[in-house]
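Written below as structure tokens is the structure these notes are about.
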Amino acid sequence: MSEPLNPWLSRPTTPPPSQAAPVASVPDAVGPVAPQRGIPAPDRVDQLPVHDRGATAALWWVGAHGGSGESTLAALMPGTQAAGHAWPRTPSQTPARTVLVARGDARGLRAAQDAMRQWAAGLVPSVEVLGLVVMADAPGRVPRSLRDLWDCCTNR
């Protein structure tokens, strides 16, 4: 007996063996790739804590605030872990590869700015920040004030 087809989803297709799958390219970095001198650290109360982790992961999702969506992303990508709204410090000698996660509202974007300033000031040498994921907090067009804050976070 076959399963009913969902009219909104197309059937998965696999390329014929003669066609090679395209290789995904990684875009060039847009902002700083390492901490920099002279970056002022955020106030202590606005900094994310650093927690020792007994395990390593291919990638850590670091939520800039509660409700950012880091655990959802970790559940969707095997081999990754949610860092629990804290920078991970792992037993490995190499810095933990992390992606910062924030909601697309004013609170989330400001928390992402604080977390990135903390990293850029050199306060978290145990991590390598690969990027920022902004999770939509509502459907529809982003209000202008949030777009301006978004542009500030992403160096656009």
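The values are calculated or read from the model by the stated rules, or taken from the named source; none is laboratory data. Keep in mind that what you see is a predicted model, and the values were worked out from it rather than measured. Using ideal geometry, Cβ is built from the backbone for each residue, glycine included, and neighbour counts are taken over all protein chains shown. We work out accessible area using only protein heavy atoms, side chains counted, and drop any ligands, DNA or RNA first. Shrake-Rupley method; radii C 1.70, N 1.55, O 1.52, S 1.80 Å.
Out of all the residues in the stretch 32-46, which are surrounded by 14 or more Cβ atoms within 10 Å (Cβ to Cβ) and over 22 Å from residue 104 (Cβ atoms)? If the condition is that a residue be surrounded by 14 or more Cβ atoms within 10 Å (Cβ to Cβ) and over 22 Å from residue 104 (Cβ atoms), then 35, 39, 41 are the ones that fit.
Screening 107, 97 for residues that are within 24 Å of residue 38 (Cα to Cα), at pLDDT 90 or above and open to solvent by 30 Å² or more (accessible area, probe 1.4 Å) leaves exactly one candidate, 97. Sub-9 Å Cβ pairs linking a first residue in the stretch 30-46 that is over 20 Å from residue 133 (Cβ atoms) to a second residue that is open to solvent by 60 Å² or more (accessible area, probe 1.4 Å) and modelled with pLDDT under 80, at least 6 apart or interchain, are 39/32, ordered by first then second residue.
The set of residues in the stretch 65-81 that are within 20 Å of residue 46 (Cα to Cα) and not polar (S, T, N, Q) comprises 65, 66, 67, 69, 70.
Would you say residue 57 is surrounded by 10 or more Cβ atoms within 10 Å (Cβ to Cβ), more than 30 Å from residue 138 (Cα to Cα), modelled with pLDDT under 90 and small (Gly, Ala, Ser)? Yes, satisfied. As a summary of the residue check, residue 122 satisfies the conditions (1) surrounded by 18 or more Cβ atoms within 10 Å (Cβ to Cβ); (2) of a type outside the set (A, V, I, L, M); (3) not in a strand (DSSP E or B) except for the one numbered (1). Any idea how many residues of the stretch 60-85 are hydrophobic (A, V, I, L, M, F, W, C), open to solvent by 70 Å² or more (accessible area, probe 1.4 Å) and either touching a residue at least 60 places away in the same chain (Cβ under 8 Å) or part of a loop (DSSP other than H, G, I, E, B) (or both)? Selection size over the stretch 60-85: 1.
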